[in-house]
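The values are calculated or read from the model by the stated rules, or taken from the named source; none is laboratory data. Quick caveat, the model's predicted, so the values are computed rather than measured. Backbone-built Cβ (ideal geometry, glycine too); neighbour counts: all protein chains shown. These area figures cover heavy atoms from the full protein model, side chains too; ligands, DNA and RNA do not enter into them. Shrake-Rupley method; radii C 1.70, N 1.55, O 1.52, S 1.80 Å.
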Amino acid sequence: MSTALNPDEHLDGSGNRISPALRTEALEQLLTERGLVDPNVMDKFIATYETAVGPLNGAKVVAKAWTDPEYKARLLAEGTAAIKELGFAGPQGEHIVVVENSDSVHNVVVCTLCSCYPWPVLGLPPAWYKDPAYRARVVREPRKVLSEMGCEVGDDVEIIVRDSSAEVRWLVLPQQPAGTEGFSEEELIPLITRDALVGVAHISAP
Amino acid sequence: MRRDCTGPTRRHARAAAVIDTRAPGAPGLRQKGVVCMDSVADLGGATGWGKVSPPPPQDQDPPFHDAWEGRAFALTLLAMGRVSGQNLDAFRYALGRLDSKSYFDDDYYGRWLNASELMLVESGIIAPGAVDARARANAGESVEQPADPEPNKPDYAPTAAGSLRQVEEAPRFAVGDAVTVVTDVESDANKLPAYVRGHRGVVEAIQPAHVFPETHARFLGENAQHVYSVRFTSTELYGSDAEPFELTIELFDNYLQDKENAA
């Protein structure tokens, strides 16, 4: 099982690389013609991650944790179970660990080997999370990378990078912005961004 | 297996610059024998990639930027299990065996597509070159399309759903134990990033036991084992000039040296 594809493959008759769009269409044809895949099942997978499973789920988890101290305690102790209380579970969410950012600690998540990401709470990863530059550099110079991404972390704050190299999936519980004390979950949810739940952004008050 | 840095990954032009930073005596690295990555996917700690772009607002960064990306995503989910008879770890192993163009040049879901093709070819579901031939025929070229091969799916079935398993024996290490990461790995299907190999850390948490990707990816057994979140200082990983931070990574039991050797 050590054969790899030939890097000189995927060329058309003129020697140009065939676009992945055309090759995806070709593979779908080859498999559907033989009844090996059902395009309707594919449509359902796509719709699930375009509409149903996305960062809004994670925002709901965070808003509940900010407004319910008992839920927050459960979330930090047993992340997977506490997240499931809100109905969020599924592929790439077998074991979710939640870590809290504070005045003294800033957690940031990466997967250096691929792009492992907690799908049930955040959906599919954004482009920057899959960028080789992010994967390579955030485990070597996180403060600099975060600054480039617009997330300044003070020198007195300890940075902890979480490299998801196995099946553990990490979710960051960001700091609640000052001035939002007393907000309801419904008022907090629109403020909570995906990027803060991975640890590359702070959340601002409205 | 111990791999030297003139191995197959040298062929990957983009990875070559990276490997040099890992050579013994490279600035800022502790000399602990030759340590280099086993796959094009092992990017952690690599230099030369330039800046990370500031993220756009999430409503301007949808999961799929073009329709084909969603099709490639869905095809992969079906290909890795039902169609090829393989599994998620085999998919990750296939990603890591791609040539550098197939890994980097076709965008993220193109990489998934290419790994799916590799798995489907190896399971005898589609013929080598069949995808290219069909794409070229669709574009109007006159191309002979290869016949379907004889299926050759692996003799594999999971013992349970998902990746988490119960392991009877107690974990070798406790929270707070100092541990040292191995430098040698058994195969190129490993999940041990080069940047932590040979380094000393502390067990921060014992995670649920998982199937072991290195054997699971090659259908050699689930070999479920304990997984530890191990915490390292940046100076341990990159030397005294490193930016100050700490890092945790999940390491399988096989990737930690014996206790007596860890001191």
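Among the residues of the stretch B:216-234, write down those that are assigned to a strand (DSSP E or B) and open to solvent by less than 20 Å² (accessible area, probe 1.4 Å).
Let us first name the residues in the stretch B:216-234 that are assigned to a strand (DSSP E or B), namely B:225-233.
Within the stretch B:216-234, B:Q225, B:V227, B:Y228, B:S229, B:V230, B:F232 meet the criteria.
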> Are any of the residues in the stretch A:117-138 closer than 19 Å to A:L191 by Cα and open to solvent by 10 Å² or more (accessible area, probe 1.4 Å)?
Replying inline: no
> What tally of residues in the stretch B:36-84 results from selecting those that are aliphatic (A, V, I, L, M), facing another protein chain (nearest Cβ under 7 Å) and in a loop (DSSP other than H, G, I, E, B)?
Replying inline: 4
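Free of Cβ contacts under 8 Å to residues at least 40 places away in the same chain and open to solvent by 50 Å² or more (accessible area, probe 1.4 Å): which single residue out of B:E186, B:E169, B:E204 fits that description?
Numbers: B:E186 fails: free of Cβ contacts under 8 Å to residues at least 40 places away in the same chain; B:E204 fails: free of Cβ contacts under 8 Å to residues at least 40 places away in the same chain.
Only one candidate passes the filter, namely B:E169.
Tell me, which helices (runs of 4 or more DSSP H) lie completely within the stretch A:111-206 with 3 or more residues that are at the interface with chain B (Cβ under 7 Å from one of its Cβ atoms)?
A:127-130, A:132-137, A:142-148
Working only within the stretch A:191-206, note down all residues that are open to solvent by 40 Å² or more (accessible area, probe 1.4 Å) and under 13 Å from A:G58 (Cβ atoms).
Step one: filter the stretch A:191-206 for residues open to solvent by 40 Å² or more (accessible area, probe 1.4 Å), giving A:193, A:202, A:204-206.
A:T193 - this is the single residue of the stretch A:191-206 that is open to solvent by 40 Å² or more (accessible area, probe 1.4 Å) and under 13 Å from A:G58 (Cβ atoms).
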> When the stretch A:34-88 is examined, which residues are found to be in a loop (DSSP other than H, G, I, E, B) and closer than 26 Å to B:P63 by Cα?
Replying inline: A:L36, A:V37, A:D38, A:V53, A:G54, A:L86, A:G87, A:F88
> When the residues of the stretch A:6-48 are filtered to those that are of a type in the set (A, V, I, L, M, F, W, C) and within 27 Å of the chain's Cα centre (by Cα), which remaining residue is farthest from B:V143 (Cα to Cα)?
Replying inline: A:A47
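With respect to B:R111, determine if the residue is within 7 Å of another protein chain (Cβ to nearest Cβ) and modelled with pLDDT of 90 or more. Walk me through it before giving the result.
On the way: within 7 Å of another protein chain (Cβ to nearest Cβ): no; modelled with pLDDT of 90 or more: yes.
Judged against the criteria, B:R111 is not a match.
Just name the residue that is surrounded by the fewest Cβ atoms within 10 Å (Cβ to Cβ) out of those in the stretch A:87-115 that are farther than 23 Å from A:L56 by Cβ and touching a strand residue (DSSP E or B) at 6+ places or on another chain (Cβ under 9 Å). Write out each step before concluding.
Taking the stretch A:87-115 and keeping what is farther than 23 Å from A:L56 by Cβ, we get A:102-106, A:112-114.
Next, from what is left, pick out any that are touching a strand residue (DSSP E or B) at 6+ places or on another chain (Cβ under 9 Å): A:104-106, A:112-113.
On the way: A:S104: 9, A:V105: 15, A:H106: 25, A:T112: 30, A:L113: 26.
Per the stated criteria, the residue is A:S104.
Condition test on A:L30, is it assigned to a helix (DSSP H, G or I), buried (at least 20 other Cβ atoms within 10 Å of the Cβ) and at pLDDT 95 or above?
Values: assigned to a helix (DSSP H, G or I): yes; buried (at least 20 other Cβ atoms within 10 Å of the Cβ): yes; at pLDDT 95 or above: yes.
Here the answer is yes, as A:L30 does meet what is asked.
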> Could you say whether any residue in the stretch A:75-82 is aliphatic (A, V, I, L, M), over 30 Å from B:G96 (Cβ atoms) and in contact with a helix residue (DSSP H, G or I) (Cβ under 6 Å, 6 or more places away or on another chain)?
Replying inline: yes
> Do you know which residues across the stretch B:170-207 are acidic (D, E) and either at pLDDT 95 or above or at positive phi (or both)?
Replying inline: B:D177, B:E204
>> Looking at A:A77, A:A59 in this structure, which one is free of Cβ contacts under 8 Å to residues at least 24 places away in the same chain and in the same structural domain as A:E187 (by TED's automatic domain parsing)?
In response: A:A77
